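Peer 1: Quick one: structure below, then a few questions.
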Amino acid sequence: MTRKTLLTLTLNGEDTDVATQGTVTLLETLREDMGVLSVKRGCNQGVCGSCTVVIDGAPVRSCLTLSAMCEGRDLRTIEGYEADRTMKCLQKHLIESGGIQCGFCTSGVLLSAQTYLTENASPNRAEVKSALSGNLCRCTGYRTIVDAVCDAAEELAQ
Amino acid sequence: MTVQTPFTGGTVGVPVAKLDNAEKAEGKALYIADLYLPGMLHGAILPSPVPHARIRGYKLDAALAATGVVAIVTGDDVGEGRMGAFIKDEHAIAKGKVLYVGEPVAAVAAKTEAQARAACRLIEVDYEELPAILTPEEGLAEGAAILHENVEDYFKVFDAGSVGNLATRTVLEEGDVARAWDGCDIVVEGEYTTQAQAHVAMEPCGALADVDAAGRVTLWSANQSVFRVQANVSESLSLPMSKLRCLTPRVGGGFGNKMEPHIQPITVALAMKAKKPVKLILTREEDFEMVRARHPYKIRMKTGAMNDGTLVARECEVLLDCGAFADDSPGVLGYSLLMCGGPYRIPHLKAHGKLVYTNKLRFGAYRGFGNPQVSFAGEQQIDEIAARAGLDPIAMRRHNMLRDGDSWFVGPKIASNGLPECLDAIEKAVVGKRVDGTPRNLGIAATAHISGLLGTGAIVRMLEDGSISLNTGATDIGQGSDTVLAQICAERLKVPLDMISVASPDTDGSPYNWGTTASRVTYTTGRAVKAAAGKVVDQALEYAAQMLECDIEDVELRDGGRIGRVGSNTDLSFGIISARAHWLEGGPIVGTETLVFDQPTHDPKRAVALGLPFPRIGIFSFAALAVDVDVDDTTGETRVLEAWSAADVGRAINPRLVEVQLEGGFVQGMGYALYEEMVWDGPKLANPSLMDYKISTSRDVPDKLHSIIVEDPEPTGPYGAKGAGEIGLNVVPAAIANAVYGATGFRHRHLPLTSERVLNGILSQEGEV
């Protein structure tokens, strides 16, 4: 075990200190030490996307990110988007389309979609499918999720 | 309570949003891994490295001395109890023997998960290795090593006929198949194999157990039935059911994986030994290696017909790899035989099969429950006969489909059958060409699936303020049964949906529910909900008549939770009626209903059945599927460009949720058809990770996936409803295989249809292989 160090970062807009060790992943720190449970462990291998968080505006897999590398970074999880217009719109459309089933992948899907729409405000369907391809969902078959993101983009553009 | 939402004329048939949407959209839904108790320990499991061995002993000293370790459980800590849905053959944890690579051999509870995992690596187990049985054929061979030496003594819930490694055998026959072949003009025959598929619910399995000072256990877990959890823990740990309270948080998908036990018994054993709460969450790799998967099948099928395409006879023989424990396998075997004729009139039909123990993880329930495998064979043979009879695939199916008044294979009459409309719908929908003007390359298939099975109940309570509490014990695994059952309840009570809260399943307070499985909740539990809500209405009408000082015939249920006097504007709210009942006269208003599905599977006057695992099963949904498939003749890559899935669900209580079931089922079936495969390297699973076992991503799915809802109301169903959970998956491999035949001229009899396999098919047609 490596020595514990104190990590300072911004979590959902608030400056936060948390103790960490060299080998601990951001997923573990968020869930076990910071009580952020919306971030899910689906594969712990960087494949499923259920653990997606946003670091300095970019979607990142927290299971592949060491906490120690997050010193001074701006970290956001789904809880940090309560006032975000894009996120609100995505959530509304995901609910309307039927794109939420078991919900285990949902936070990750929403964070990937939100950061993608911030980058590309008017994507076509193929681009949305590509942007979401790192977030696995076993329930929906994806059509409803892709619809929701496309519909949200359209509404936000108005 | 003030009712905010006016009643708008019914909630059944309305695509209302799921009740759990907001908490899931905001990341607030709590799953098993998200539950924490004060002083809680974390569990980890030591899996067996060998497929078949006697356990001579354990060395636990080093692990017990490791940092943070509080307790270790091995087979020595559990008694002789064995669990199992059909054959009680499974201990809580390996005891005496290990039967597959990955089987839990020991479990550690420690202060952190990392400590528990580290301690597992310090445990030494002394194994006396035995020959491994890796295929059903090896298991049946003379002199084969036997997995369960005492299989004949195990408790079984049906006539299993277990002997040696044969877990069970089932035979069903109607008509006289042996004599029917001579009368057939066309006979097609083939041998088919299908692969193991992993469920890959996004949430891995997990459990959290706590034991109180009196020794009573509270157990939360990811499950599809708190009552099956209770039964399995009770049997394997020899605890009275009354000492076990089982609950469920939100569940991150099931597909069959969470129906029967995973690590709940081990978690309880750890908590009992540690005398502290213990949470155990599987890694993805463990979930692949330890839990269960879809059965690999070997199928021999022969079908005979007249020159005009009229089906005459079919024989289907299946050989199932059971894995190390019977689990739901006898049910899967029996059900696949029951479904192997498809939704057709086949006067002479014989289905028989064997289920053989092997040293692999248990195979068990998986969406479709044996139907996809036999449909892969059967629906291809229907196409082969159609071609020889000169019929197009839809006409062939229409010519032979079951009609009103017909009976299901070996069983009772079918009351509702929307297959004709399903076939009409897809025939109409596929007209035309692809967007780029090229002709479609279609594959067609049809199927049916049950909705009625086993016991269920509902408790509907009118609370003091007139709002409604619904408690069924049915676990919503994400598909939306809480919403659908609330819709049925709301419709019967004529109240808006937001007047109803749905209780989470809890064995202390919920009525029995066998489980969220077999496409049964909407139909079977929905019936109980409607009846229980009806009893609440009756009671409220009676009290209202007393309050209005009139005869019960003179009061009526009105929209929005009110009861009025017929012919006048005078009415009473549920709140006033319920308050009087609670505080003054009559007693609290509670409606309860329990039922067990009682339609016999088998009509002994008409058919022969041996080793039938389900004596009572029925109520059929029907479906037809069309796929437009493109095959790259250079690489063999097969892609579904468009699909039309038409399903008769009796009545869609919530059409949007039915559509998502059809779509989700299609995509899971497409993965099964094209690329998903669990591969073993000897006895060890070679691809137990999402890196190596690929499921469909958003880029793999067709852009156009059309769900077509057909409604042929089931007379016994709640508002006519039947099941919708599995039917969208059943014939995806068959329809895709039929389309690949159309594109390549090669008939594929082995799943999955990987690029390599499809390319080899193309090359063999060209004489290059």
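Computed from the coordinates by the stated procedures, all read-outs in this text should not be read as laboratory data. Quantities reported herein were computed from a predicted structural model and do not represent experimental measurements. Glycine also receives a Cβ, built like all others from the backbone with ideal geometry; neighbour counts cover every protein chain displayed.
Peer 1: Can you pull out the trypsin sites (Lys or Arg not before Pro) in the stretch B:393-450 that DSSP calls coil and that have at most 12 other Cβ atoms within 10 Å? Working shown, then result.
Peer 2: On the way: sites: B:R397, B:R398, B:R403, B:K413, B:K428, B:K433, B:R434, B:R440; in loops: B:R403, B:K433, B:R434, B:R440.
Taking the stretch B:393-450 and a limit of 12 other Cβ atoms within 10 Å, the loop trypsin sites (Lys or Arg not before Pro) found are B:R403, B:K433.
Peer 1: For the stretch B:494-502, take each phi angle, set θ = phi - 60°, evaluate the Karplus expression 6.51 cos²θ - 1.76 cosθ + 1.60, and give the result in whole Hz per residue in order, putting x for glycine and proline.
Peer 2: 6, 10, x, 4, 6, 7, 10, 10, 10
Peer 1: Expressed as a rounded percentage, what relative contact order does chain B have, with Cα pairs under 8 Å and six or more residues apart? Display every interim value, and only then the final one.
Peer 2: Values: 2041 pairs, mean separation 124.6, N = 769.
16 percent.
Peer 1: Another one. Run through the stretch B:1-92 and list the chymotrypsin sites (Phe, Trp or Tyr not before Pro) located in a DSSP loop whose Cβ has at most 16 other Cβ atoms within 10 Å.
Peer 2: Details: sites: B:F7, B:Y31, B:Y36, B:Y58, B:F86; in loops: B:F7, B:Y36, B:F86.
Those that pass, being in a loop and sparsely packed, are B:Y36.
Peer 1: Next question, about the same structure. Give me the distance between the Cα centres of the stretch B:375-420 and the stretch B:686-709, rounded to whole Å.
Peer 2: Using only Cα atoms, the two centres lie 29 Å from each other.
Peer 1: What number results when the radius of gyration of chain A, computed over Cα atoms, is divided by 2.2 N^0.38 Å? Spell out each step's value before the answer.
Peer 2: Details: Rg = 15.8 Å, N = 158, 2.2 N^0.38 = 15.1 Å.
Here the Cα radius of gyration is 1.05 times the empirical estimate.
Peer 1: Which log10 I(q)/I(0) values, to two decimals, does the protein assembly as shown give at q = 0.08, 0.11 Å⁻¹ under the Debye formula with one point per Cα?
Peer 2: Log10 of I(q)/I(0), two decimals: -0.76, -1.43.
Peer 1: For B:D692, enumerate residues with amide H under 5 Å from its amide H, sequence gap 5+ or separate chain, H modeled in the peptide plane.
Peer 2: Amide H neighbours of B:D692: none.
Peer 1: Taking amide H positions as placed 1.01 Å from N in the peptide plane, with prolines and chain starts having none, which residues 5 or more places from B:D392, or on another chain, fall under 5 Å of its amide H?
Peer 2: Long-range HN contacts for B:D392: none found.
Peer 1: Quick one: Cα centre-to-centre distance for the stretch B:438-492 and the stretch A:63-97, in angstrom?
Peer 2: With the stretch B:438-492 and the stretch A:63-97 each reduced to a Cα centre, they are spaced 32 Å.
Peer 1: Sticking with this one: For A:C105, B:C550, which order do you get if you count the other beta carbons within 10 Å of each Cβ and list the fewest first? Working shown, then result.
Peer 2: Values: A:C105 31, B:C550 15.
Listed from fewest to most nearby Cβ atoms, that is B:C550, A:C105.
Peer 1: I would also like to ask the following. List the trypsin sites (Lys or Arg not before Pro) in the stretch A:1-72 that DSSP assigns to loop (not H, G, I, E or B) and whose Cβ has at most 16 other Cβ atoms within 10 Å. Which are they? If you can, show how the numbers build up before the last one.
Peer 2: On the way: sites: A:R3, A:K4, A:R31, A:K40, A:R41, A:R61; in loops: A:R3, A:K4, A:K40, A:R41.
Passing both the DSSP loop test and the Cβ count: A:R3, A:K4.
Peer 1: Residues with amide H under 5 Å of B:K722's amide H, sequence separation 5 or more or different chain, H placed in the peptide plane at 1.01 Å from N; which?
Peer 2: B:G650, B:R651
Peer 1: With the cut-off at 1.5 for a/c, could you classify the stretch B:468-531 from its C-alpha gyration tensor as rounded, prolate or oblate?
Peer 2: Numbers: a/c = 1.66, a/b = 1.37, b/c = 1.21.
In terms of gyration-tensor shape, prolate.
Peer 1: Can you give the direction-averaged projected area of the convex hull of the alpha-carbon atoms in the stretch A:5-77, in nm²?
Peer 2: Across all orientations, the stretch A:5-77 yields a mean hull projection of 4.1 nm².
Peer 1: Around B:A271, with a cut-off of 11 angstrom between Cβ atoms, what is the net charge of the other residues, counting Lys and Arg +1 and Asp and Glu -1?
Peer 2: Working: positive: B:K273, B:K275, B:K276, B:K279; negative: B:D210, B:D212.
Surrounding charge for B:A271 is +2.
Peer 1: Right, another one. Just check chain B against the gyration tensor rule for me: Cα atoms, a ≥ b ≥ c as the square roots of the eigenvalues, rounded for a/c under 1.5, and otherwise prolate or oblate depending on whether a/b exceeds b/c. Walk me through the numbers on the way to the answer.
Peer 2: Numbers: a/c = 1.73, a/b = 1.07, b/c = 1.61.
Since a/c reaches 1.5 but b/c is at least a/b, the shape of chain B is classed as oblate.
Peer 1: Moving on to the next point. Give the Cα extents of the stretch B:473-583 along the principal axes, in whole Å, largest first.
Peer 2: In descending order, the Cα extents are 47, 26, 22 Å.
Peer 1: Right, something else. When the Karplus curve 6.51 cos²θ - 1.76 cosθ + 1.60 is applied with θ = phi - 60°, which whole-Hz ³J(HN,Hα) does each residue of the stretch B:22-31 get, with x for Gly and Pro?
Peer 2: Once rounded to whole Hz, the list reads 4, 5, 6, 5, 9, x, 9, 5, 9, 9.
Peer 1: Can you give the net charge of the other residues whose Cβ lies under 14 Å from the Cβ of B:V608, counting K and R as +1 and D and E as -1?
Peer 2: Once positives and negatives cancel, what remains is -2.
Peer 1: Greater than 21 Å separation of Cα atoms is the criterion. Which listed pairs, B:K243/B:K279; B:K28/B:K243; B:K18/B:K428; A:K88/B:K494; A:K88/B:K24, meet it?
Peer 2: Going by Cα-Cα distance, B:K28/B:K243; B:K18/B:K428; A:K88/B:K494 fall outside the 21 Å limit.
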